[in-house]
Amino acid sequence: MTDPNAYGTSSGHRGLDLAEPLIFELDAPGRCGVDLPEAPDVPNRLGGLERLAPIGLPGLSEPQVVRHFVRLSRNNFAIDAGLYPLGSCTMKHNPRLNEKLARLPGFADLHPLQPAATVQGALEVIDTLSDWLLKLTGMSAIAMSPAAGAHGELCGLMCIRAALQARGDPREVVLVPTSAHGTNPATAAICGYRVEEIPANEGGRVDLQALREKLGPHVAAIMLTNPNTCGLFENEIVEIAAAVHGAGAFFYCDGANFNAIMGKVRPGDLGIDCMHLNLHKTFSTPHGGGGPGSGPVVLADALAPFAPLPKVVRGAGGLELVEQKSTALGTAGSFGRLKGFHGQMGMFVRALAFILSHGADGLRQASEDAVLNANYILAGLRDLFSLSFAGPCMHEVLFDDHFLKDTGVSTLDFAKAMIDEGFHPMTMYFPLVVSGAMLIEPTESESKDSLDQFIASMRHLGNRAVAGDHEFFAGAPYLAPYRRLDETQAARKPVLRWRPEVQEAAE
Ligand SMILES: *Cc1c(COP(=O)(O)O)cnc(C)c1O
């Protein structure tokens, strides 16, 4: 391809992909997907409640509706379509076995208000999954209800707040490293804490000395990700835990990156008090588009009494759900309910299917392969791209934009060009501790062939950028139905609802 613009761009059509309007814009008056009798032979039984005017549904034929949705589905990029190297998100393959089991009517058709006696199998799934998660993390209690990682963080900090209140020692500050995921400081702030940052050292890890200086009787907790968001293991984590505990504070670990260490390290052995797991990352349950996720939280002894309800316990008559605080059942200190019901049942089934089909050795192997794959990419790109911190890395590799210096190509331009190469861009501009971050996480799902293909595309683009072809990058993507969108307007003034008036006014 000499001129990528040789492809028509005015219509948005590309190869077999047509630019797809909204279904309301496909509407034609009088058109309908079904044949209805002229004058319905229904006597007036509605007592004046009939509609007086049409309700504004678009008129389309059945094939038009089918094509509309199939075309839209082709505009999605998914892990089922190709490598999805979005760092920190663990976009791994969701085995179809998980899906098959989650669709069994005994799971799929449950109602959360059914009596416990009729859902013993579902409670058994929750209990068995809890057991695995406790064994893998080396912790003593678990809260299954959080609906995502960020919700798990909220759960964890609410447990910490309850524990501090119970000992009559409310504190004001939560310490968060500069490389943390944005949800960490947001969670701390929502729980009413003041957030203070801990700087990173030149190795991309928490600066232990700076942490020690920040600790004091006002600090409630530290929120630390391990392996951290630079893809590095915090190798002073035991010292960090000792320093935090020495100051009477709690150690919250963001466990979103557990895929790197599953079966290798137990967070409980490192002195962690509380950690969320993203079932939708580590344990392959599907994610994207905002849900559904699942973020169980594992807790050490000191926090266990404050865990939310409901909770599954094994009683004389089988498994039971404890819904109310009770001294006898050791749940009197609970901070209460976090969510309407017991958690994301469909995700529990999928995660347990993933765990049981791998077994303990298989899970360890998955982590090892995830780390190996990331290091394979590191090795394949390090001479051309700028590696932020000396390797080896854990399950994701972090490059920055130093190799693009003076080329006129930005990390964003580079990411857009990856779309034309058939890859979802990596995570960009996160973590914030390096300039123009490119965080690449291949997961264990990728074969050597697909990693080689990815590396070849990245090298092709890298060479083109370093050679100074910035105009090519400024125009990318060329092969997407929609090209550069106005990201500022999309964030500041999102148009979330179609209205005919708005459309006309905008023209
Ligand atoms: C994904 C992620 C979260 C948030 O998890 P959600 O399930 O998206 O709410 C928090 N921290 C890190 C490091 C993550 O990667």
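Report, by residue number, each residue of segment 248-267 that is away from the ligand (no atom under 16 Å from the Cβ) and buried (at least 20 other Cβ atoms within 10 Å of the Cβ).
Listed by number, the residues that qualify are Ala249, Phe250.
So which residues in segment 326-354 are assigned to a loop (DSSP other than H, G, I, E, B) and in contact with a strand residue (DSSP E or B) (Cβ under 7 Å, 6 or more places away or on another chain)?
The answer is Leu329, Thr331, Ser334, Gly336, His342.
When you go through Ser410, Ser450 one by one, which is the residue that is closer than 30 Å to Val176 by Cβ, touching a Leu at 6+ places or on another chain (Cβ under 8 Å) and among the small types (Gly, Ala, Ser)?
Checking each option against the conditions leaves just Ser410.
Tell me, which residue of segment 287-327 that is out of contact with any helix residue (DSSP H, G or I) (no Cβ under 7 Å at 6 or more places or on another chain) and within 16 Å of the ligand (Cβ to nearest atom) is modelled with the highest pLDDT?
Gly288
Within segment 264-296, how many residues turn out to be in contact (Cβ under 8 Å) with a residue 40 or more places away in the chain and closer than 23 Å to Arg96 by Cα?
Adding up the residues that qualify gives 18.
For segment 117-146, how many residues meet the condition of being crowded, with 20+ Cβ neighbours inside 10 Å and part of a loop (DSSP other than H, G, I, E, B)?
The qualifying residues number 5.
Being within 23 Å of Glu441 (Cβ to Cβ) and crowded, with 21+ Cβ neighbours inside 10 Å is the filter here, so list the residues in segment 345-362 that pass it.
Once the filter is applied, which keeps residues that are within 23 Å of Glu441 (Cβ to Cβ) and crowded, with 21+ Cβ neighbours inside 10 Å, segment 345-362 yields Met347, Arg350, Ala351, Ala353, Phe354, Ile355.
Return the total of residues in segment 153-174 being more than 16 Å from the ligand (Cβ to nearest atom) and at negative phi.
Of the residues in that region, 14 qualify.
Name the residues in segment 175-198 that are β-branched (Val, Ile, Thr), away from the ligand (no atom under 11 Å from the Cβ) and over 16 Å from Ala247 (Cβ atoms), would you?
Once the filter is applied, which keeps residues that are β-branched (Val, Ile, Thr), away from the ligand (no atom under 11 Å from the Cβ) and over 16 Å from Ala247 (Cβ atoms), segment 175-198 yields Thr178, Ile190, Val195.
Filter segment 390-409 down to residues that are touching a residue at least 60 places away in the same chain (Cβ under 8 Å) and either more than 26 Å from Asn259 (Cβ to Cβ) or surrounded by fewer than 20 Cβ atoms within 10 Å (Cβ to Cβ) (or both), then give me how many there are.
Number satisfying all stated conditions: 6.
Leu101 fails exactly one of the following numbered conditions: (1) at pLDDT 95 or above; (2) outside any helix (DSSP H, G or I); (3) in contact with a helix residue (DSSP H, G or I) (Cβ under 9 Å, 6 or more places away or on another chain); (4) more than 30 Å from Leu439 (Cβ to Cβ). What is the number of that condition?
Looking at each condition in turn, Leu101 falls short on (2).
Looking for whichever is of a type in the set (Gly, Ala, Ser), touching a Gly at 6+ places or on another chain (Cβ under 8 Å) and assigned by TED's automatic domain parsing to the domain that holds Asn278 here; the options are Gly87, Gly168, Gly152, Gly156. Which one fits?
Selected residue: Gly152, the only one of Gly87, Gly168, Gly152, Gly156 that is of a type in the set (Gly, Ala, Ser), touching a Gly at 6+ places or on another chain (Cβ under 8 Å) and assigned by TED's automatic domain parsing to the domain that holds Asn278.
The values are calculated or read from the model by the stated rules, or taken from the named source; none is laboratory data. None of these values were measured; they are calculated from a predicted model. Note that we place each Cβ from the backbone using ideal geometry, even for glycine, and neighbour counts take in every protein chain shown.
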